[in-house]
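Colleague: Sharing a structure here in structure tokens format.
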Amino acid sequence: MTVRELIGRLDLDLKNNGCVEAAINGCYASDMLSDVLANGKEGNIWITRQTHPNVVAVAAIKGLSGIIVTGGKQIEAETLEKAEAECIPVISTSLQTYDMVGMVYNLLLKNECR
Amino acid sequence: MSSKGKKEGMDPDAGSGQDVYFPLNGGDFSDAGAGSKSLRSELAALGVPAWIIRRAAICAFEAEINVIIHAVAGSLHYLIEGETLTITVTDMGPGIEDIGLAMKEGYTTAPDWAKEYGWGSGMGLPNIKKNAGTLSIDSVPGEGTTIEIIINLAPPLNARQE
């Protein structure tokens, strides 16, 4: 499943011109950045409430396929710009993390791409 | 440094003596990652395999963040000599009282403001140790800390670890 397909299936809000054709091979959910640096995997989509520009560096270093910000949090313009420069899609949802994780989990499970 | 066996990707003649320096300001996350970003592009241009770039970038980024959280000021410096990358991060910070404790995953002295940014989980130095070839820490309480990270950019093909 690509990021574009995920956005369409879950009716999410893409906030920048990231690379939405990137393939998603799984998901990691965490608000602690060192945890993502340690345990996120290349190609994972990352679900978090963190919105400041450091999340872009984390996603770029780990080769994550995108960032989903939960709880409808306002995302800093600098974060969106830096992510676009790294070709990382930043996506917003009004859902809280638990609900978002459940939906992404089910979707990826059905597509047998975990 | 091992020079035996087949090497993945990297041009063995590349990367001689590239020497790059980045200042870091305590409390200012806005420039965090400038050093690790530069390092990522340098290593990619040299044809270093992606998994090694990732390890190097994690070390550099975590070290930058440590300076920003704990110190007044500091710097990140990296040097690529042949197949060896040396990252040196020096700060004018409080120093580390007990290095053994600081290496323990989950132990942190980070303030609340850093935790609000998603840092301060006590995983920084353990992440560096896990991804570095060698890590040395030289710290004087009340004066500052210098850490040196050495990474082999062209390990044998069977050395890959994620």
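Colleague: Please specify each residue of the stretch B:46-67 satisfying the condition of being in contact with a Gly (Cβ under 6 Å, 6 or more places away or on another chain) and among the β-branched types (Val, Ile, Thr).
Modeller: Matches in the stretch B:46-67: B:67 only.
Colleague: Within the set of pairs 6+ apart or on separate chains, which have a first residue in the stretch B:126-140 that is within 11 Å of another protein chain (Cβ to nearest Cβ), a second that is crowded, with 16+ Cβ neighbours inside 10 Å and of a type in the set (S, T, N, Q), and C-beta atoms under 6 Å apart?
Modeller: Every condition considered, the pairs that remain are B:127/A:34.
Colleague: Determine which member of the set A:59, A:22, A:85, A:77 is in contact with a Ser or Thr (Cβ under 9 Å, 6 or more places away or on another chain) and within 14 Å of chain B (Cβ to nearest Cβ).
Modeller: Selected residue: A:59, the only one of A:59, A:22, A:85, A:77 that is in contact with a Ser or Thr (Cβ under 9 Å, 6 or more places away or on another chain) and within 14 Å of chain B (Cβ to nearest Cβ).
Colleague: Name the residues in the stretch B:71-119 that are loosely packed, with under 15 Cβ neighbours inside 10 Å and either assigned to a strand (DSSP E or B) or aliphatic (A, V, I, L, M) (or both), would you?
Modeller: B:72, B:81, B:99, B:101
Colleague: Considering A:20, A:36, which residue is out of contact with any Gly (no Cβ under 6 Å at 6 or more places or on another chain) and more than 16 Å from residue A:101 (Cβ to Cβ)?
Modeller: Selected residue: A:20, the only one of A:20, A:36 that is out of contact with any Gly (no Cβ under 6 Å at 6 or more places or on another chain) and more than 16 Å from residue A:101 (Cβ to Cβ).
Colleague: Okay, next question. If residue B:156 satisfies every condition in (1) at pLDDT below 95; (2) under 23 Å from residue B:26 (Cα atoms) but one, which is the exception?
Modeller: Here residue B:156 meets the rest and fails (2).
Colleague: OK, next. If you check A:17, A:39, which single one turns out to be away from chain B (no Cβ under 14 Å), at negative phi and over 12 Å from the mean Cα position of the chain (by Cα)?
Modeller: A:17
The values are calculated or read from the model by the stated rules, or taken from the named source; none is laboratory data. Just so we're clear, the structure is a prediction, and the values are computed from it rather than from any experiment. Positions of Cβ are backbone-derived with ideal geometry, glycine not excepted, and every protein chain shown enters the neighbour counts.
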